Amino acid sequence: MDLEREKGITIQSAATYCSWEKEGQDYHFNLIDTPGHIDFTIEVERALRVLDGAVLVVCAVAGVQSQTVTVDRQMKRYNVPRVTFINKMDRMGANPWRAIEQINSKLKMAAAAIQVPIGAEKELEGVVNIIDNQAVYFEGNQGEKLRIEKEIPADLKDLVAEKRATLIETLADVDDEIAECFIEEIEPTVEQIKAAIRRATIARKFTPVLMGSALANRG
């Protein structure tokens, strides 16, 4: 819609789809983009009734806003599991850690990052996948070329270790298998962490948090 382009917001829900191939199997996703603005709440209601899951988009600068709380309430009413994406990481004053803190406190939802940004604001280059300990860089004009490296930047190693420990600790509160590892002081495997994230997300006890910039096509 012309008005949507002019204002830079979604007014009317729009549907599209994408295909994803994994291990020789084709998956078909139906995607519905719903408005985030509080004035168009009924559009969100209509979409949430038919969805299997949602991506909650939170601004890295503004954090959890009043409309985020409204949408969160709607997701809980319709029992929709969610993953969270912290957007606008390339903006000045972006702070994903504050946003995650707000998801925990304001939305009363256990949340933890599964990524750490590489670079900040204008220097945002990519993210570190803290589960697999890999660095993912987004290159090319539109960030469309993915470069995955086993070696993570040296200056981020401490932060990645800290956020990985936070992720495991948060999962231990919502998942029995990770809680057992945590009590026995055993480091859970990558497979155990991924399985726990999936279980706890579907059970609506947890939301994994990813980060990047939609406009710059990073993350």
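Summary table below
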{"read-out": "Any hit, the stretch 156-170, residues being more than 26 Å from GLN192 (Cα to Cα) and without any contact (Cβ under 8 Å) to a residue 12 or more places away in the chain", "value": "no"}
{"read-out": "One residue from MET109, MET89, MET1 being more than 21 Å from ARG218 (Cα to Cα), in contact with a Lys or Arg (Cβ under 9 Å, 6 or more places away or on another chain) and among the aliphatic types (A, V, I, L, M)", "value": "MET109"}
{"read-out": "Which listed residue, of LEU146, LEU210, LEU171, LEU167, is at negative phi, among the aliphatic types (A, V, I, L, M) and at pLDDT below 95", "value": "LEU146"}
{"read-out": "Any hit, the stretch 130-141, residues being on the phi > 0 side of the Ramachandran plot, in contact with a Lys or Arg (Cβ under 8 Å, 6 or more places away or on another chain), modelled with pLDDT under 90 and not hydrophobic (A, V, I, L, M, F, W, C)", "value": "no"}
{"read-out": "Leading residue by the ranking (nearest to PRO96 (Cα to Cα)) among those in the stretch 132-171 that are surrounded by 15 or more Cβ atoms within 10 Å (Cβ to Cβ) and more than 19 Å from the chain's Cα centre (by Cα)", "value": "LEU156"}
{"read-out": "THR201 being among the hydroxyl-bearing types (Ser, Thr, Tyr), surrounded by fewer than 15 Cβ atoms within 10 Å (Cβ to Cβ) and on the phi < 0 side of the Ramachandran plot", "value": "no"}
{"read-out": "Qualifying residue in the stretch 113-124 (condition: assigned to a loop (DSSP other than H, G, I, E, B), within 22 Å of VAL44 (Cβ to Cβ) and either at pLDDT below 95 or not acidic (Asp, Glu) (or both))", "value": "no"}
{"read-out": "Residue in the stretch 132-187 that is farthest from THR201 (Cα to Cα), counting only those that are assigned to a loop (DSSP other than H, G, I, E, B) and among the hydrophobic types (A, V, I, L, M, F, W, C)", "value": "ILE152"}
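The values are calculated or read from the model by the stated rules, or taken from the named source; none is laboratory data. Note that the structure is a prediction, hence the values are computed from the model and not measured. A quick note on method: Cβ atoms are made from the backbone with ideal geometry, for glycine too, and the neighbour counts reach across all protein chains shown.
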